[in-house]
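Participant: The structure follows.
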Amino acid sequence: METKGTFSHPKGLYILFFTEMWERFSYYGMRALLVLFVVANVADGGLGWEKADALALYGNYTMMVYLMSIPGGILADKLLGQKKAVMLGGLLLVAGHGIMAIPQEWAFFTALALIVLGVGCLKPNISTMVGGLYKEGDPNRDKGFTIFYIGINLGAALSSLIVPVVAAEYGWHYGFGLAGIGMLLGQVVYMLGQKHLVGIGDYINSSTSVDKEVANRPLTKIEQDRVVVLLLSFLIVIVFWGAFEQAGGLMNLYAQSKTDRYLPMFDYTIPAGVFQSVNAIFIILFGSAVAGFWAWRLKAGKETSTLLKMAIGTMIMGAGFLFMTAAAAEVQVDASGNIIGSSMIWLVLAYLFHTIGELCVSPTALSFITKLAPVKYASIMMGVYFAATGLGNKLAGVIGEHAVSGAGEEQVFTGIAIFAIAFGLILLFFFKKLKALTHGAEDKERDALKAPKAAEAV
């Protein structure tokens, strides 16, 4: 593993950064179009489904994408290793996104199936490989995951800005095809960058006495407690993404039908899918600042536990839905029955709060798993994390269906805000008990930062 200086990062991080950036370009590019394509009229090239059915498909698809991370993690831990599992996932994704460009219904569903399998192999294992780049107790680990997370959202931002415009100008399947080109680029980066990933993500076959001991012995009491707290943290993940993932479903439809997207200065109406880029752009803009804030607290000796970050992040994200409540209250219907949409600023402000919340929860949760998970279950636990994300996505689809089937956006947005904020407060109430189950897994980072000061004092 090659690093330079105390706060530099291994070169392998940037290979994984660009691999995941292009993979997310393909995923989020397709995601920005999915619901809109399914509800579009057949005459306009869509499938002509009802909104509730489209949201159900969205929820099931995004759930399965992440649920497949469990078998993907098992495949890596028991047979292939993370490095080869990522390679296999990438190849499946290239095939899936390529088929998505074919304007046939059979191709659409075949592509979805291949993408589900591909993400299941790639997603948990590439994240585990990022953790493997850092030694135990390295305070750069969280920053490394934040850099990696910025790569994810750089891809998401680019695709959400470009793919919907291409789809609007040239047709749905040109947009899907462009997303597929992004995945192909990501696979090329990964294949060419193998020399910087030597010893990272290889299969542990228990060939040495050390490996045999790790693979065969039962979990210690400390390891058992850490697995328990990880599983409890996954409950937070389900709640968080169940609210957050309204972005690709309900909020996407809201942007299309009830938001004033017209720019009179340019005589141009912004495609609804473009708003999917706002969250990713904010992550790129504020990712380093949020990571720096928590690093400052760590150096100052203040509480920076991942569980605290997740509780605060959930509340901030929930507060963002209050702006959507304001947006829904602003919508009017004129005498002719035409909808007068709400201002775009409400969507932007909601995504801003969602982004700050996400930066407190998601990259730190990935790092948290690599700190607490027993070595022999590292990929499986990462898979369970993404499965929890998938359940959150399914929950988001159910909530979205409920909203368009009669509950109403204003009531649903307000309900999500109240529940998320209340849930975060409950987490803070039990914070000390939950942190005790980690048995100081994150204390080594604080000790590592104190060590140079102690050496200087001597």
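The values are calculated or read from the model by the stated rules, or taken from the named source; none is laboratory data. Here the structure is a predicted model, which means the values were calculated and not measured. Cβ placement follows ideal geometry from the backbone for every residue including glycine, while neighbour counts extend to all protein chains displayed.
Participant: Identify all residues within region 287-304 that are assigned to a loop (DSSP other than H, G, I, E, B) and either among the hydroxyl-bearing types (Ser, Thr, Tyr) or touching a residue at least 60 places away in the same chain (Cβ under 8 Å) (or both); write none if there are none.
Facilitator: Scanning region 287-304 gives Gly301, Thr304.
Participant: Testing Glu410 on (1) surrounded by fewer than 18 Cβ atoms within 10 Å (Cβ to Cβ); (2) within 30 Å of Ile70 (Cα to Cα); (3) among the charged types (D, E, K, R), one condition comes back false. Which one is that?
Facilitator: Of the numbered conditions (1) surrounded by fewer than 18 Cβ atoms within 10 Å (Cβ to Cβ); (2) within 30 Å of Ile70 (Cα to Cα); (3) among the charged types (D, E, K, R), the odd one out for Glu410 is (2).
Participant: I would also like to ask the following. From the list Met324, Met317, pick out the single residue that is modelled with pLDDT of 90 or more, among the aliphatic types (A, V, I, L, M) and touching a His at 6+ places or on another chain (Cβ under 8 Å).
Facilitator: Answer to the selection: Met317.
Participant: What tally of residues in region 64-93 results from selecting those that are β-branched (Val, Ile, Thr) and surrounded by 23 or more Cβ atoms within 10 Å (Cβ to Cβ)?
Facilitator: Number satisfying all stated conditions: 2.
Participant: To continue, here is another question. Restricting the search to region 241-286, which residues are touching a residue at least 60 places away in the same chain (Cβ under 8 Å) and among the hydroxyl-bearing types (Ser, Thr, Tyr)?
Facilitator: Answer for region 241-286, where residues must be touching a residue at least 60 places away in the same chain (Cβ under 8 Å) and among the hydroxyl-bearing types (Ser, Thr, Tyr): Tyr254, Ser257, Thr259, Ser277.
Participant: Residues that are within 30 Å of Ile204 (Cα to Cα), at least 3 per element: which helices (runs of 4 or more DSSP H) completely within region 305-419 meet that?
Facilitator: Result: 344-372, 378-402.
Participant: Can I ask one more? What residue, of Val239, Val227, Val214, Val210, is farther than 30 Å from Glu50 by Cβ and either crowded, with 22+ Cβ neighbours inside 10 Å or modelled with pLDDT of 85 or more (or both)?
Facilitator: Only one candidate passes the filter, namely Val227.
Participant: If you check Gly341, Gly390, Gly400, which single one turns out to be farther than 24 Å from Asn60 by Cα, touching a residue at least 40 places away in the same chain (Cβ under 8 Å) and either in contact with a strand residue (DSSP E or B) (Cβ under 6 Å, 6 or more places away or on another chain) or surrounded by 23 or more Cβ atoms within 10 Å (Cβ to Cβ) (or both)?
Facilitator: Gly341
Participant: Hey, could you check region 352-372 for residues that are touching an Asp or Glu at 6+ places or on another chain (Cβ under 9 Å) and farther than 25 Å from Leu285 by Cα and say which is surrounded by the most Cβ atoms within 10 Å (Cβ to Cβ)?
Facilitator: Within region 352-372, the match that is surrounded by the most Cβ atoms within 10 Å (Cβ to Cβ) is Leu372.
Participant: Hey, another quick one. Quick test for you: out of Asn279, Asn252, pick the one residue that is in contact with a His (Cβ under 9 Å, 6 or more places away or on another chain) and outside any loop (DSSP other than H, G, I, E, B).
Facilitator: Asn279
Participant: Shifting gears a bit: What is the one condition in (1) aliphatic (A, V, I, L, M); (2) within 26 Å of Ile399 (Cβ to Cβ); (3) touching a Gly at 6+ places or on another chain (Cβ under 8 Å) that Val130 does not satisfy?
Facilitator: The one condition Val130 does not meet is (2).
Participant: Quickly run through region 248-266 and pick out the residues that are surrounded by 17 or more Cβ atoms within 10 Å (Cβ to Cβ) and hydrophobic (A, V, I, L, M, F, W, C).
Facilitator: Leu250, Met251, Leu253, Ala255
Participant: How do the helices (runs of 4 or more DSSP H) wholly within region 63-138 filter down when requiring 2 or more residues that are at pLDDT 90 or above and β-branched (Val, Ile, Thr): which remain?
Facilitator: The qualifying helices (runs of 4 or more DSSP H) are 82-100, 105-132.
Participant: Still on this structure: Any chance you could count how many residues in region 266-294 are of a type in the set (A, V, I, L, M, F, W, C), touching a Lys or Arg at 6+ places or on another chain (Cβ under 9 Å) and more than 18 Å from Ala350 (Cβ to Cβ)?
Facilitator: Total meeting the criteria: 2.
Participant: Mind counting the residues in region 68-116 that are aromatic (Phe, Trp, Tyr) and in contact (Cβ under 8 Å) with a residue 24 or more places away in the chain?
Facilitator: Counting residues in region 68-116 that are aromatic (Phe, Trp, Tyr) and in contact (Cβ under 8 Å) with a residue 24 or more places away in the chain gives 1.
Participant: Looking at region 49-62, which of its residues are at pLDDT 85 or above and under 17 Å from the mean Cα position of the chain (by Cα)?
Facilitator: Those that are at pLDDT 85 or above and under 17 Å from the mean Cα position of the chain (by Cα): Asn60, Tyr61.
Participant: Limited to region 127-152, what total is found for residues that are under 23 Å from Ala280 (Cα atoms) and touching an Asp or Glu at 6+ places or on another chain (Cβ under 6 Å)?
Facilitator: Residues flagged as under 23 Å from Ala280 (Cα atoms) and touching an Asp or Glu at 6+ places or on another chain (Cβ under 6 Å) within region 127-152 amount to 2.
Participant: What are the pairs with Cβ atoms under 7 angstrom where one residue, in region 214-240, is over 12 Å from Tyr377 (Cβ atoms) and among the hydroxyl-bearing types (Ser, Thr, Tyr) and the other, located anywhere, is part of a helix (DSSP H, G or I) and at pLDDT 90 or above? Sequence gap at least six, or different chains.
Facilitator: Here the result reads Ser233/Leu307; Ser233/Met310, each pair linking region 214-240 to a residue that is part of a helix (DSSP H, G or I) and at pLDDT 90 or above.
Participant: Only one residue in Arg24, Arg31 is crowded, with 18+ Cβ neighbours inside 10 Å and either touching a Lys or Arg at 6+ places or on another chain (Cβ under 9 Å) or at pLDDT below 85 (or both), so which one is that?
Facilitator: Going through Arg24, Arg31 in turn, the sole match is Arg31.
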